[in-house]
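The values are calculated or read from the model by the stated rules, or taken from the named source; none is laboratory data. Just so it is clear, the model here is predicted, and its values are computed rather than measured. Cβ placement follows ideal geometry from the backbone for every residue including glycine, while neighbour counts extend to all protein chains displayed.
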Amino acid sequence: MLKIKIEKDFQKVLKERKEIEISTLRMLKAAIFNKEKEKRYKLSRQKPELTGEELEKESQLIDEELIEVISSEVKKRKEAILEFKKGKRQDLVKKEKAELEILEKYLPEQLSEEEIKRMAKETIKEVGVKSLKDIGKVMAELIPKIKGRAEGSLVSKIVKELLQLNESSIHFDHQALAKVEKKKIFFDFQ
């Protein structure tokens, strides 16, 4: 289980006195704790008959939920890096990058853009959408398949590009068809 691995790694870096790893894993453990607390609260509202011990057990995060928490922390670091670069704070950029490297160790292997494109094309075909206004339908099908293995913004960008290409090719087909129809009508009158 991922949570056990994080705890073991935390104990290891504590003994080795690796400050950046300690602070990063401490922040990650706090984020996990807060997510479990939130889950426990929701469960206590949904199932008031549960005892404290049962609530504690059911509120433990499963690996998929842990990956969501880690992904959220990774996203925060990436956003912070961008902001610190804008502010010309190289010291903080370096710190955030180090934290990012530590956190990424706990995420599953990330999909390449080619793999995301392939999966997006398959999903677009499965769902049968042809226009950009249906991006929500595609994303609703695709995101669960790749959760934790790619950033949502990258997936959204790729799906948007594919749907725009799809729309332009459909638009082109309609224009070509219209030209053919005009010629046919013209020749029919002569």
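I'd like to check something: does segment 104-121 contain any residue that is under 14 Å from Ser156 (Cβ atoms) and of a type in the set (S, T, N, Q)?
No, every residue in segment 104-121 fails to be under 14 Å from Ser156 (Cβ atoms) and of a type in the set (S, T, N, Q).
Please count how many residues of segment 39-54 are in a helix (DSSP H, G or I) and modelled with pLDDT of 85 or more.
10
Go through (1) modelled with pLDDT under 90; (2) touching an Asp or Glu at 6+ places or on another chain (Cβ under 9 Å) one by one and return the number of the condition Ala98 breaks.
(1)
Does at least one position in segment 111-120 carry a residue that is closer than 18 Å to Ala150 by Cβ and not in a helix (DSSP H, G or I)?
yes
Out of Glu53, Glu73, which single residue is exposed (fewer than 13 other Cβ atoms within 10 Å of the Cβ) and not hydroxyl-bearing (Ser, Thr, Tyr)?
Going through Glu53, Glu73 in turn, the sole match is Glu53.
Would you check if there is a residue in segment 5-21 being in contact (Cβ under 8 Å) with a residue 40 or more places away in the chain, exposed (fewer than 15 other Cβ atoms within 10 Å of the Cβ), charged (D, E, K, R) and part of a helix (DSSP H, G or I)?
Yes - at least one qualifying residue is present in segment 5-21.
Out of all the residues in segment 121-150, which are among the small types (Gly, Ala, Ser) and either assigned to a helix (DSSP H, G or I) or touching a residue at least 60 places away in the same chain (Cβ under 8 Å) (or both)?
Those that are among the small types (Gly, Ala, Ser) and either assigned to a helix (DSSP H, G or I) or touching a residue at least 60 places away in the same chain (Cβ under 8 Å) (or both): Gly136, Ala140, Gly148.
On the basis of being more than 15 Å from Thr24 (Cβ to Cβ), surrounded by fewer than 18 Cβ atoms within 10 Å (Cβ to Cβ) and either charged (D, E, K, R) or out of contact with any helix residue (DSSP H, G or I) (no Cβ under 7 Å at 6 or more places or on another chain) (or both), does Glu122 make the cut?
yes
Name the single residue that is farthest from Lys8 (Cα to Cα) among those in segment 106-139 being among the acidic types (Asp, Glu) and within 18 Å of the chain's Cα centre (by Cα).
Glu114
I want to confirm something. Restricting to segment 129-149 and keeping residues that are modelled with pLDDT of 85 or more and small (Gly, Ala, Ser), which single residue is nearest to Glu104 (Cα to Cα)?
For segment 129-149, the residue satisfying everything is Ala140.
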